[in-house]
Amino acid sequence: MHFLKKYYLIAPGPTPVPHDVLIEGAKETIHHRTPQFLEIMKEAMEGAKYLFQTQGDVFAFVSSGTGAMEAAVANLLSPGDKAIVVVAGKFGERWMEILKAFGANVVDISLEWGEAVSPERIKEELEKHPDAKAVFTTHSETSTGTVIDLEGIAKVVKDSNAVLVTDAVSSLLAEPLKMDEWGVDVVVSGSQKGVMLPPGLGFIAIRGEKAWKLIENSKSPRYYFNLLEYRKKFPDNPYTPAVNHMYMLNKAVELIKEEGIEKVWERHALLGEATRRGAKALGLELFSKRPGNVVTAIKVPEGVDGNKITKIMRDKYGVTIAGGQAHLKGKIIRVAHLGYMGPFDTITAFSALELTLKELGYKFELGASLKAIQEYFSENM
Ligand SMILES: *Cc1c(COP(=O)(O)O)cnc(C)c1O
């Protein structure tokens, strides 16, 4: 049957962008070296501090989240410096690859994908390696739907010589993250996930002397990402900033402040729990050992082709979720609850998932997940 296909983006990035934000982006591009733009830039970076819950420094690059990851490595470490890195998924692997590219002396904590590193394990490694300059973690490992106890880890790293760096590209706004209160030294993120903007900005937030000392002393090659230049020029930019993205960022922060950051976290927790209940109601298992509220990784049931699930959902029903990455391709599907999403996005995702699973021959009672999800919403909204 042919009919109008509406587009539903329920993936862990890029995520849907509110219309009010998109309209801001359509405003006239003005010159960046002007008093008018400096005001906009100042407001944008003040707003970004709220997102990171820090009074430290926040900078925005014209890059995706990976650029901000590279900036963290290039600025904090010199070649040969020791760094501890947690690898439990695709994005932990990315930290590892960047660290190796910059000649770091890497101590890796490699876990099964889907596991979450514990504060105790970090403490052990820090005791074994008191000369480590930094600990690199992934707050929300998007490839497995796992969230770590960042607050607990921050407590442990605070008492060491190392700085704590976390990749919050997918967790920012979806999971509580209180940079100053918890004492996280460096946080990187991007625009296209919880922040509800199109792809195009990479953020880095830095707090405290411990991190800035490392940045001042780094001997790694760095040019575009040299944070000392960004700090010197701030709030002006060393290079052309993403002018229209700053208009959009200001609107997104306005929307987030209107809702309140605590409420934004609560909304993600509500959708995360509804998603987990929906999966269980269909007899499906979660992949993660410590599932978070960014994205839910669900194991593809025996006898069903996982690659077909995402393809049918997208091509037949217009619903984009994500499949598995690397060795998990075809083995898991990932339903997001990230950014500009609400209860009806979760219901839409499961409705399309049920229709698809039925077509693929999986046995379950049609409507089972929708019933579980709606019961949960009716009791908790
Ligand atoms: C999306 C994501 C990134 C960055 O990806 P880009 O495509 O460079 O924006 C990094 N880490 C995590 C955990 C992510 O989810």
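The values are calculated or read from the model by the stated rules, or taken from the named source; none is laboratory data. Small disclaimer: the values here were computed from a predicted structure and weren't measured. We place every Cβ from the backbone using ideal geometry, glycine too, and count neighbours over all the protein chains shown.
Structure data summary
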quantity: Matching residues in the range 49-104 - criterion: being charged (D, E, K, R), closer than 22 Å to Met179 by Cβ and more than 10 Å from the ligand (Cβ to nearest atom); calculated: Lys49, Asp57
quantity: Residues that are surrounded by 21 or more Cβ atoms within 10 Å (Cβ to Cβ) and of a type in the set (Val, Ile, Thr), drawn from the range 314-332; calculated: Val319, Ile321, Ile332
quantity: Residue in the range 37-58 that is buried (at least 23 other Cβ atoms within 10 Å of the Cβ) and closer than 23 Å to Ser220 by Cα present; calculated: yes
quantity: Residue within the range 346-364 that is surrounded by fewer than 22 Cβ atoms within 10 Å (Cβ to Cβ), closer than 17 Å to Pro291 by Cβ and touching a helix residue (DSSP H, G or I) at 6+ places or on another chain (Cβ under 9 Å) present; calculated: no
quantity: Condition met for Val117 (more than 13 Å from the ligand (Cβ to nearest atom), under 30 Å from Val300 (Cβ atoms) and of a type in the set (A, V, I, L, M, F, W, C)); calculated: yes
quantity: Test: residue in the range 132-147 that is more than 23 Å from Gly323 (Cα to Cα), without any contact (Cβ under 8 Å) to a residue 60 or more places away in the chain, surrounded by fewer than 19 Cβ atoms within 10 Å (Cβ to Cβ) and not assigned by TED's automatic domain parsing to the domain that holds Gly330; calculated: no
quantity: The listed residue being assigned by TED's automatic domain parsing to the domain that holds Met45, at positive phi and among the hydrophobic types (A, V, I, L, M, F, W, C), out of Leu201, Leu227, Leu173; calculated: Leu173
quantity: Residue check, Thr166 without any contact (Cβ under 8 Å) to a residue 40 or more places away in the chain, surrounded by 24 or more Cβ atoms within 10 Å (Cβ to Cβ) and near the ligand (Cβ under 10 Å from one of its atoms); calculated: yes
quantity: Given (1) in a helix (DSSP H, G or I); (2) among the polar types (S, T, N, Q); (3) in contact with a helix residue (DSSP H, G or I) (Cβ under 9 Å, 6 or more places away or on another chain), index of the condition Gln36 fails; calculated: (3)
quantity: Lys123, sole failed condition from (1) charged (D, E, K, R); (2) within 14 Å of the ligand (Cβ to nearest atom); (3) touching a residue at least 24 places away in the same chain (Cβ under 8 Å); calculated: (2)
quantity: Candidates Ala44, Ala11, Ala48, filtered to the one that is of a type in the set (Gly, Ala, Ser) and in a loop (DSSP other than H, G, I, E, B); calculated: Ala11
quantity: Members of the range 136-163 found to be under 20 Å from Leu270 (Cα atoms), of a type outside the set (Val, Ile, Thr) and within 11 Å of the ligand (Cβ to nearest atom), listed by number; calculated: His139, Ser140, Glu141, Gly145
quantity: Set Lys193, Lys178, Lys213: member being out of contact with any helix residue (DSSP H, G or I) (no Cβ under 6 Å at 6 or more places or on another chain), free of Cβ contacts under 8 Å to residues at least 60 places away in the same chain and assigned by TED's automatic domain parsing to the domain that holds Trp95; calculated: Lys213
quantity: Flag for Leu150 being over 11 Å from Gly65 (Cβ atoms) and either modelled with pLDDT of 95 or more or surrounded by fewer than 24 Cβ atoms within 10 Å (Cβ to Cβ) (or both); calculated: yes
quantity: Residue count, the range 172-209 (criterion: farther than 17 Å from Phe91 by Cβ, away from the ligand (no atom under 11 Å from the Cβ) and not in a loop (DSSP other than H, G, I, E, B)); calculated: 7
quantity: Number of the condition not met by Arg222 [criteria: (1) farther than 26 Å from Ala104 by Cβ; (2) surrounded by 17 or more Cβ atoms within 10 Å (Cβ to Cβ)]; calculated: (1)
